[in-house]
Amino acid sequence: MPAGDELRAFLARMLGWSNERAVDLALLSLALALDHAWVRVHAAASLTDIEKATLRLVAIRTSRNLSGAAARLGMAMVSLSRLRGRRKLPPMMLPDHGSHR
């Protein structure tokens with residue numbers, strides 16, 4: 001069972017929820033909170049930095065892989081990869097967005 005599925009099952013048991021959509025929304029809320037905290041720590045020097053970091057996180061979260069995220073952002077994959085190497089990104093917990101990051 002992939003890590004995302006294990007987390008979903010754990011949350012469902014702990015919260016007593018049987019509705020998969022409710023669990024997915026809880027995971028999304030947690031992921032957004034982690035993203036927000038990451039931006040505050042790593043990219044809050046200016047509004048421009050906050051915007052750039054937020055766009056990058058959204059592209060990474062919503063793309064199938066890093067190459068797709070870089071293409072959406074109009075930047076080289078190596079540049080996005082360097083960002084990931086310089087700063088540990090928040091965990092990707094959404095379903096279907098697992099180890100291919």
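The values are calculated or read from the model by the stated rules, or taken from the named source; none is laboratory data. Being a predicted model, the structure only gives us computed values, none of them experimental. Here the Cβ positions follow ideal geometry from the backbone for every residue, glycine too, while neighbour counts run over all protein chains shown.
Laid out as a table, the results:
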quantity	calculated
Filtered residues of segment 52-85 (kept if hydrophobic (A, V, I, L, M, F, W, C), out of contact with any Pro (no Cβ under 9 Å at 6 or more places or on another chain) and surrounded by 15 or more Cβ atoms within 10 Å (Cβ to Cβ))	Ala53, Ala59, Ile60, Leu66, Ala69, Ala70, Ala71, Leu73, Met77, Leu80, Leu83
Boolean, Pro90 is in contact with a Phe, Trp or Tyr (Cβ under 6 Å, 6 or more places away or on another chain), modelled with pLDDT under 80 and not in a helix (DSSP H, G or I)	yes
Hey, Ala59 at pLDDT 85 or above and on the phi < 0 side of the Ramachandran plot or not	yes
From the options Arg21, Arg61, residue that is assigned to a helix (DSSP H, G or I), within 15 Å of the chain's Cα centre (by Cα) and among the basic types (Lys, Arg)	Arg61
Test: residue in segment 22-32 that is of a type in the set (Asp, Glu), surrounded by 13 or more Cβ atoms within 10 Å (Cβ to Cβ) and touching a residue at least 12 places away in the same chain (Cβ under 8 Å)	yes
